[in-house]
Amino acid sequence: MPGLALFEKQGTVRRVDGRRLTRNDLADTEVLLVRSVTRVDRALLEGTPVRFVGSATIGTDHVDRAALKDMGVAFAHAPGCNARAVAEYVLQALLLACREQGRVLRDSSVGIVGLGNVGSRVAQWLSALGVTVLACDPPLQRAGADTVVPLTDLDSVLAADLITVHVPLTRQGPDATFHLLDQERLARLGAWQTLLSTCRGAVIDNPALRERLAGADAPLVMLDVWEGEPRIDGGLLARVRLGSPHVAGYSVEGKWLGTAMLHQAFRLWRGESAGVPVMAGERPILEHPVADEGDLLALLQRVYRIDEDDRRLRASVGEADPGAAFDALRRDYPPRHELHYWRHQGEVAPALRALLSLLCDPPGAGSAMPAPVLDRL
Ligand SMILES: NC(=O)c1ccc[n+]([C@@H]2O[C@H](COP(=O)([O-])OP(=O)(O)OC[C@H]3O[C@@H](n4cnc5c(N)ncnc54)[C@H](O)[C@@H]3O)[C@@H](O)[C@H]2O)c1
Ligand SMILES: O=C(O)[C@H](O)[C@H](O)COP(=O)(O)O
């Protein structure tokens with residue numbers, strides 16, 4: 001977990017395998033920091049001295065927040081920490097899909113399911129490019145929230161040329177997203193469409209998707225997240241156009257910010273005032289003129305290539321233990337920077353300038369740093 005040095009000033013930090021963590025490992029632990037692979041619930045914490053749990057992630061479906069509250073354990077996570085990394089992944093994937101389907105992104109429609117931190121950033125970037133964006137988000141719609149693009153219904157969004165999904169995984173209530181894209185909705189997608197998911201595997205019914213991809217007029221599918229991670233369905237991987245091992249948000253900056261936001265929440269929980277420290281450093285120059293969408297894709301691929309993650313994931317399914325290999329790809333992930341890490345230089349076509357400045361200007365320039373969420377008791 002990059003950024004852990006921040007916590008080393010507060011006490012002794014012990015690292016354990018997040019998939020194998022048990023109650024016994026927590027016998028003398030007051031603060032537990034996790035990532036998405038660790039299930040945190042009553043069974044894990046009961047009888048332990050843990051009083052603060054932090055997850056350096058956007059998603060919280062691995063944490064039973066109600067149980068923690070009931071037990072008097074504070075919980076914090078890091079909304080938005082890696083949203084930029086995911087949005088860069090999505091933009092690259094959409095441009096790759098357009099190239100493959102012989103279309104121009106600017107002249108296409110993109111449907112966004114879930115307009116939170118990631119979805120709204122994707123919507124803002126695509127709008128700056130002149131793309132027609134259709135988005136749905138019933139909780140925001142009911143709340144009458146101000147959104148970057150107008151909201152519509154799920155069926156309209158699923159009729160777009162390209163669809164990208166950014167909802168949390170939830171299993172209860174009117175907005176439950178478990179198998180939101182089920183057999184019936186997948187059946188309505190056509191060969192001219194692209195479906196991309198970077199949120200949580202179980203938002204798409206994976207067995208139904210595998211069947212759909214074997215049928216006629218199958219859409220082009222790109223998946224970063226899978227049901228049953230780390231033991232994913234190799235048959236489904238074989239049928240998707242691009243597959244990666246749940247790394248869309250794995251930027252150096254996103255991981256660091258996640259831990260820094262937890263540190264801020266931890267200090268607030270202790271009654272200390274705290275801000276999120278800014279990751280400082282020289283910004284190396286990245287010379288890359290951008291005349292058209294082909295150049296934009298090439299720019300995104302200069303800093304990160306999804307197809308290399310895809311190649312590594314496909315190679316891993318042949319290993320003796322593909323689940324362990326999936327986890328190893330994530331654990332040993334090569335450092336990948338977000339675009340704003342560099343100082344972009346080079347001529348940019350007028351139609352692409354608004355997008356390039358959103359992509360390449362450092363965060364914080366004119367916008368607030370994200371703040372952690374702390375469940376107060
Ligand atoms: N692949 C990765 O590396 C990676 C990285 C970051 C986040 N994620 C996942 O992506 C999800 C979205 O991230 P985010 O930062 O945008 O989260 P967010 O909480 O900021 O936004 C989620 C949005 O989805 C909306 N929503 C909830 N139920 C919905 C429904 N049924 N239909 C449509 N919209 C609905 C919410 O109202 C909210 O606006 C996270 O919950 C996390 O699981 C994955
Ligand atoms: O929700 C999130 O923030 C992401 O899914 C996160 O990047 C997942 O990475 P992990 O916590 O499994 O390392």
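Details
- 0 to 90° range, to nearest 10: angle between helix 293-303 axis and the chain longest Cα axis: 30 degrees
- Normalising the average separation of contacting C-alpha pairs (under 8 angstrom, six or more residues apart) by the number of residues puts the relative contact order of the chain at 18 percent.
- Between the Cα long axis of helix 117-129 and the first principal axis of the chain there is an angle of about 30°, rounded to the nearest 10.
- Listed residues Gly80, Gln264, Gly47: farthest to the positive end of the dipole of the chain (Cβ charges): Gly47
- Cα long-axis angle, helix 322-331 against the chain (0 to 90 degrees, to the nearest 10): 80 degrees
- Note on Ser109 and Gln183: the extension gain reaches 24.3 nm, defined as 0.36 nm multiplied by sequence separation minus the Cα-Cα distance.
- The distance between label points at Glu282 and Gln345 comes to 1.3 nm (points 7 Å beyond Cα on the Cα→Cβ vector).
- Dividing the helix sum by the residues of the chain, where each DSSP H run of 4 or more adds -39500 (n - 2.57), gives a mean residue ellipticity at 222 nm of -10000 deg cm²/dmol.
- Cα-based convex hull volume of the chain per residue, rounded to whole Å³: 145 Å³
- Counting only DSSP beta bridges whose two residues both lie in the chain, roughly 10 percent are antiparallel.
- Extension reserve of the Thr12-Glu211 stretch, reckoned as 0.36 nm per residue once the Cα distance is removed: 66.7 nm
Values quoted throughout were computed directly from the atomic coordinates according to the rules given, and no laboratory measurement underlies them. Model, not experiment: these values are computed from the prediction. Positions of Cβ are generated from backbone atoms using ideal geometry, with glycine treated the same way; all protein chains shown enter the neighbour counts.
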